[in-house]
Amino acid sequence: MTPDIDYLSKEKHKELEKELQQLKTVRRQEIANDLEFAKSLGDLSENAEYQQAREAQANLEDRINQIEMLLKSAIIVSDKHKSDSIGIGSVVEVKKEGSNDTQKYQLVGSEEADMAAGKLSIKSPLGEALYEKKKGETAIFKAPNGKDLSYIIVSIE
């Protein structure tokens with residue numbers, strides 16, 4: 001795993017393409033309309049509507065650039081990982097050392113990470129610790145609070 005490479009599922013890639021299209025067409029036009037309206041209000045130096053519209057335009061262009069760069073450089077991965085070691089797309093069941101409770105996570109690229117949905121970023125401390133491990137092995141990593149945590153890999157799908 002290379003730290004500066006982003007990984008996307010086919011579904012997330014399509015979702016980002018759709019978002020990009022919407023931002024470039026619909027959202028750009030909405031902001032252009034907001035700017036025109038704000039300009040019609042007069043003095044731009046003290047015009048809060050104009051300043052808000054300019055800020056929205058800058059944020060929009062930043063997001064468009066971010067998505068374009070991501071789509072150009074990201075590696076598309078299959079949702080189904082076919083290996084006995086953990087990789088992008090793997091669904092991993094882990095058990096915290098000293099506990100009987102297990103948790104399931106799917107290892108995904110950072111753009112798709114969503115802990116509430118069980119999608120764990122490959123770039124997170126736990127994701128990095130799990131990467132390329134096999135069933136029965138222990139993944140050890142430092143939590144944000146500085147403590148060492150250990151998880152035993154129960155299964156890999």
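Some observations on this one:
- From the options 50, 7, residue that is buried (at least 16 other Cβ atoms within 10 Å of the Cβ), of a type in the set (Ser, Thr, Tyr) and over 29 Å from residue 75 (Cβ atoms): 50
- Only one of 54, 63 that is closer than 30 Å to residue 105 by Cα and not aliphatic (A, V, I, L, M): 63
- Members of the range 129-143 that are surrounded by fewer than 16 Cβ atoms within 10 Å (Cβ to Cβ) and among the basic types (Lys, Arg): 134, 135, 142
- If you filter the range 77-102 down to residues that are surrounded by 15 or more Cβ atoms within 10 Å (Cβ to Cβ) and either within 15 Å of the chain's Cα centre (by Cα) or polar (S, T, N, Q) (or both), you find that the one that is farthest from residue 133 (Cα to Cα) is 77.
- Counting only strands (runs of 3 or more DSSP E) wholly contained in the range 20-133, the ones carrying 3 or more residues that are of a type outside the set (D, E, K, R) and under 30 Å from residue 150 (Cβ atoms) occupy 91-96, 102-108.
- Residue count, the range 104-118 (criterion: among the charged types (D, E, K, R) and buried (at least 18 other Cβ atoms within 10 Å of the Cβ)): 2
- The set of residues from the range 144-157 being without any contact (Cβ under 8 Å) to a residue 24 or more places away in the chain and either surrounded by 14 or more Cβ atoms within 10 Å (Cβ to Cβ) or at negative phi (or both) comprises 144, 145, 147, 148.
- Of the candidates 38, 56, the single residue that is surrounded by 12 or more Cβ atoms within 10 Å (Cβ to Cβ), farther than 28 Å from residue 119 by Cα and at pLDDT below 90 is 38.
- Selection status of residue 124, over 24 Å from the mean Cα position of the chain (by Cα) and among the hydroxyl-bearing types (Ser, Thr, Tyr): no
The values are calculated or read from the model by the stated rules, or taken from the named source; none is laboratory data. The shown structure was predicted, so the numbers you read here are calculated from the model rather than taken from an experiment. Every residue, glycine as well, gets a Cβ built from its backbone with ideal geometry; the counts of neighbours run over all protein chains shown.
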